[in-house]
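S.K.: Dropping a structure here in structure tokens format, bear with me for questions.
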Amino acid sequence: LGGAAAGLAEETANSLGLEFVLIPAGSFIMGTDGNFEGIAPEANEKPAHRVTVSQPFYLGKYEVTQAQWEAVMGDNPSEFKGRSNPVERVSWEDVQEFIRQLNEMEKTDKYRLPTEAEWEYAARAGSTGAYSFGDDPGELGPYAWHEGNSGGTAHPAGQKAPNAWGLYDMYGNVLEWTQDWYDENYYAVGPPSDPQGPPTGSYRVNRGGNWDYLAGYCRSANRNFYPPDYLNNDLGFRLAFSPGR
């Protein structure tokens, strides 16, 4: 990933055991214009457009687990209980409180959610297809828990194969909150470098598919959105931070 050249560790962990992978700066094609296996892209996935992520950043190697949530918050709101399972039934607002308390514990202010652009860039891991491994939803099973193989439940983080950048469960298991407000038409008006999403909105973006999604909807470009106080048993998150914070 070029981390050594940049003088940054390829991987790092904090006192809570949260592990992070260095994601290099670069550019990619965000969104999609083309049909995929008979599934037409949603209007909010268009237009496909080039986006630059101008600075390297660290992204969680795994979705935040129930044990990690409980270590910070002192409770476990999840439906599918398991210390290594991703925490779910957490709203975007709940996640912000987790981040506030984690930053306080770690005596920092660096932890945050990834932006939507950072998330898709990391999910693609240098790829240009529907998934980081290609275009065939029939090949998703080794990489993701989805409707076809999950048995109707979330599973412990990191059991499936990682993508080329060493990130686990970017597709399936639980949807993941991002920082951005949602706007269906943002791709047409957002800046080409380091987009942060619209300044206001009614919904926050989440990404990645979940244990109840059809494989065809667990794609890199697929977008989802909920009100910031929404929670469900198929929705969690992973953290990010920028070097030097």
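The values are calculated or read from the model by the stated rules, or taken from the named source; none is laboratory data. Only a predicted model underlies this, so the values are computations on that prediction, with no experimental measurement involved. When we count neighbours, we look across all protein chains shown, and the Cβ atoms used for this are built from the backbone with ideal geometry, even at glycine. To get the accessible areas, we keep the full protein, side chains included, count just its heavy atoms, and leave off ligands, DNA and RNA. Shrake-Rupley method; radii C 1.70, N 1.55, O 1.52, S 1.80 Å.
S.K.: Among the listed residues VAL72, VAL21, VAL90, VAL95, identify the single one that is within 25 Å of GLY209 (Cα to Cα), of a type outside the set (Ser, Thr, Tyr) and either in contact with a His (Cβ under 6 Å, 6 or more places away or on another chain) or assigned to a helix (DSSP H, G or I) (or both).
M.R.: On the way: VAL72 fails: within 25 Å of GLY209 (Cα to Cα); VAL21 fails: either in contact with a His (Cβ under 6 Å, 6 or more places away or on another chain) or assigned to a helix (DSSP H, G or I) (or both); VAL90 fails: either in contact with a His (Cβ under 6 Å, 6 or more places away or on another chain) or assigned to a helix (DSSP H, G or I) (or both).
Of the residues listed, the single one that is within 25 Å of GLY209 (Cα to Cα), of a type outside the set (Ser, Thr, Tyr) and either in contact with a His (Cβ under 6 Å, 6 or more places away or on another chain) or assigned to a helix (DSSP H, G or I) (or both) is VAL95.
S.K.: Name the residues in region 151-185 that are among the aliphatic types (A, V, I, L, M), open to solvent by less than 20 Å² (accessible area, probe 1.4 Å) and touching a strand residue (DSSP E or B) at 6+ places or on another chain (Cβ under 7 Å), would you? Steps first, answer last, please.
M.R.: Step one: list which residues in region 151-185 are among the aliphatic types (A, V, I, L, M), which gives 154, 157, 161, 164, 167, 170, 174-175.
Next cut, open to solvent by less than 20 Å² (accessible area, probe 1.4 Å) only: 154, 167, 170, 174-175.
Within region 151-185, ALA154, LEU167, VAL174, LEU175 meet the criteria.
S.K.: In region 186-235, how many are touching a residue at least 40 places away in the same chain (Cβ under 8 Å), among the small types (Gly, Ala, Ser) and open to solvent by 70 Å² or more (accessible area, probe 1.4 Å)?
M.R.: Residues that pass the stated criteria total 1.
S.K.: Another question about this same structure. Might you let me know whether region 130-137 holds any residue that is part of a helix (DSSP H, G or I), modelled with pLDDT under 95 and either open to solvent by 20 Å² or more (accessible area, probe 1.4 Å) or not charged (D, E, K, R) (or both)?
M.R.: In the first step, residues of region 130-137 are kept if they are part of a helix (DSSP H, G or I); the result is 137.
When the remaining residues are screened for being modelled with pLDDT under 95, the result is 137.
Filter once more, keeping what is either open to solvent by 20 Å² or more (accessible area, probe 1.4 Å) or not charged (D, E, K, R) (or both): 137.
For region 130-137, residues part of a helix (DSSP H, G or I), modelled with pLDDT under 95 and either open to solvent by 20 Å² or more (accessible area, probe 1.4 Å) or not charged (D, E, K, R) (or both): present.
S.K.: Within region 149-158, is even one residue touching a helix residue (DSSP H, G or I) at 6+ places or on another chain (Cβ under 9 Å) and under 25 Å from PRO228 (Cα atoms)?
M.R.: The answer is no, given that none of the residues of region 149-158 is touching a helix residue (DSSP H, G or I) at 6+ places or on another chain (Cβ under 9 Å) and under 25 Å from PRO228 (Cα atoms).
S.K.: Further question: Look at region 37-69 and say how many of its residues are open to solvent by 10 Å² or more (accessible area, probe 1.4 Å) and in a loop (DSSP other than H, G, I, E, B).
M.R.: 13
S.K.: Quickly run through region 24-60 and pick out the residues that are farther than 24 Å from GLY197 by Cβ and either polar (S, T, N, Q) or in contact with a Phe, Trp or Tyr (Cβ under 8 Å, 6 or more places away or on another chain) (or both).
M.R.: Once the filter is applied, which keeps residues that are farther than 24 Å from GLY197 by Cβ and either polar (S, T, N, Q) or in contact with a Phe, Trp or Tyr (Cβ under 8 Å, 6 or more places away or on another chain) (or both), region 24-60 yields ASN35, ILE39.
S.K.: Moving to a separate point now. Taking ILE29 as meeting all but one of (1) open to solvent by 20 Å² or more (accessible area, probe 1.4 Å); (2) assigned to a loop (DSSP other than H, G, I, E, B), write down the number of the exception.
M.R.: (2)
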